[in-house]
1. Any residue in region 166-184 that's of a type in the set (Asp, Glu): show its pairings with residues that are open to solvent by 50 Å² or more (accessible area, probe 1.4 Å) at Cβ separation under 9 Å, as long as the two are six or more apart or on different chains.
2. Could you list all residues from region 98-128 that are in contact with a Cys (Cβ under 8 Å, 6 or more places away or on another chain) and free of Cβ contacts under 8 Å to residues at least 40 places away in the same chain?
3. Among the residues of region 1-23, count how many are open to solvent by less than 30 Å² (accessible area, probe 1.4 Å) and closer than 21 Å to Lys47 by Cβ.
4. Only residues that are open to solvent by less than 90 Å² (accessible area, probe 1.4 Å) and not in a helix (DSSP H, G or I): list them for region 167-195, please.
5. Just for region 122-141: of the residues that are outside any helix (DSSP H, G or I) and open to solvent by less than 20 Å² (accessible area, probe 1.4 Å), which one is nearest to Lys47 (Cα to Cα)?
6. Run Lys211 past the list (1) within 22 Å of the chain's Cα centre (by Cα); (2) within 27 Å of Met89 (Cβ to Cβ); (3) charged (D, E, K, R) and report the number of the one that doesn't hold.
7. Test of understanding: among Arg226, Arg150, Arg155, Arg230, which residue is within 28 Å of Met89 (Cβ to Cβ), surrounded by fewer than 11 Cβ atoms within 10 Å (Cβ to Cβ) and either at pLDDT 95 or above or touching a helix residue (DSSP H, G or I) at 6+ places or on another chain (Cβ under 8 Å) (or both)?
Amino acid sequence: MDAMPPGWVKPDQIAMLCYPGMTILDLIGPQYMFAALMGATVHLVGKTRDPMTSDTGVTMIPTTTFEQCPKDLTVLFVPGGTAGTLAAMRDDTTRNFVADRGARAQYVTSVCTGALVLGAAGLLKGYRATTHWAALETLTDCGATPVSERIVRDRNRITGAGVTAGLDFGLTMVAELRDATYAQGVQLGCEYDPQPPFNAGSTRTAPAEVKSIMASMYSAFPGQVRDALRATGAAK
């Protein structure tokens, strides 16, 4: 582009937490959107730079470590998962990193159960937030107010619901960090025009039989979250 609109190139510093057992789509959807921000640097931050495997078997390598990550961030982002997220919540080093960077970041964000890591780090107390439907009720244990919406913003906390909400979250952040025209250009560039074959993507629209099956699969998770919060002293 010969004539760049004012404000389209900014030196944003974006840190995306990575940990073993995370859900890779929670990370990659937003990462695609953040990577489209001209001038921004996107850090995939791990405890170490050792390869780590997601909960679906995809292995990735962080680009930097907790110690090397910039101290002052434009965006701190946390993806979710299940067993991997519970382990990240309980890990002192991970939790301390999130609390430290989150205390100064311009935006503190998450997708899916990444919100629980924010909660374990004490970053959601007094805020409205969302997470995966199976864990939504546990946000109260973090001192947050749970909201059943795709994207929830409360001051500088921006949280997304489960997994695929990361794409909507990412576009929301692109518009926030640049403008709506820029975000729509990114959307068109990646042809994000969802037309799912089923209308079962939320608890409001899924058939009762499907909801019953999935609820039983996740039935133990809220209790496991509460156990992790109590173990770290983060429970309200």
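1. Within 9 Å, the pairs are Asp168/Arg150; Glu176/Arg153.
2. Correct list: Leu124 only.
3. Result for region 1-23: 9.
4. Scanning region 167-195 gives Arg178, Asp179, Cys190, Tyr192, Pro194.
5. Taking region 122-141 and keeping what is outside any helix (DSSP H, G or I), we get 122-132.
Subset that is open to solvent by less than 20 Å² (accessible area, probe 1.4 Å): 123-124, 129-131.
On the way: Leu123: 20, Leu124: 22, Ala129: 26, Thr130: 26, Thr131: 24 Å.
For region 122-141, the residue satisfying everything is Leu123.
6. (1)
7. Values: Arg226 fails: surrounded by fewer than 11 Cβ atoms within 10 Å (Cβ to Cβ); Arg150 fails: surrounded by fewer than 11 Cβ atoms within 10 Å (Cβ to Cβ); Arg230 fails: surrounded by fewer than 11 Cβ atoms within 10 Å (Cβ to Cβ).
Selected residue: Arg155, the only one of Arg226, Arg150, Arg155, Arg230 that is within 28 Å of Met89 (Cβ to Cβ), surrounded by fewer than 11 Cβ atoms within 10 Å (Cβ to Cβ) and either at pLDDT 95 or above or touching a helix residue (DSSP H, G or I) at 6+ places or on another chain (Cβ under 8 Å) (or both).
Listed here are the residues, each with its yes/no results for (1) touching a Gly at 6+ places or on another chain (Cβ under 7 Å); (2) within 18 Å of Met16 (Cβ to Cβ).
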| site | (1), (2) |
| --- | --- |
| Val108 | yes, yes |
| Thr113 | yes, yes |
| Ala121 | yes, yes |
| Tyr127 | no, no |
| Trp133 | yes, no |
| Cys142 | yes, no |
| Pro146 | no, no |
| Ile151 | yes, yes |
| Asn156 | no, yes |
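The values are calculated or read from the model by the stated rules, or taken from the named source; none is laboratory data. Everything quoted here is computed from the prediction, not taken from an experiment. A quick note on method: Cβ atoms are made from the backbone with ideal geometry, for glycine too, and the neighbour counts reach across all protein chains shown. Heads up: the accessible areas ignore ligands, DNA and RNA and are worked out on the full protein's heavy atoms, side chains in. Shrake-Rupley method; radii C 1.70, N 1.55, O 1.52, S 1.80 Å.
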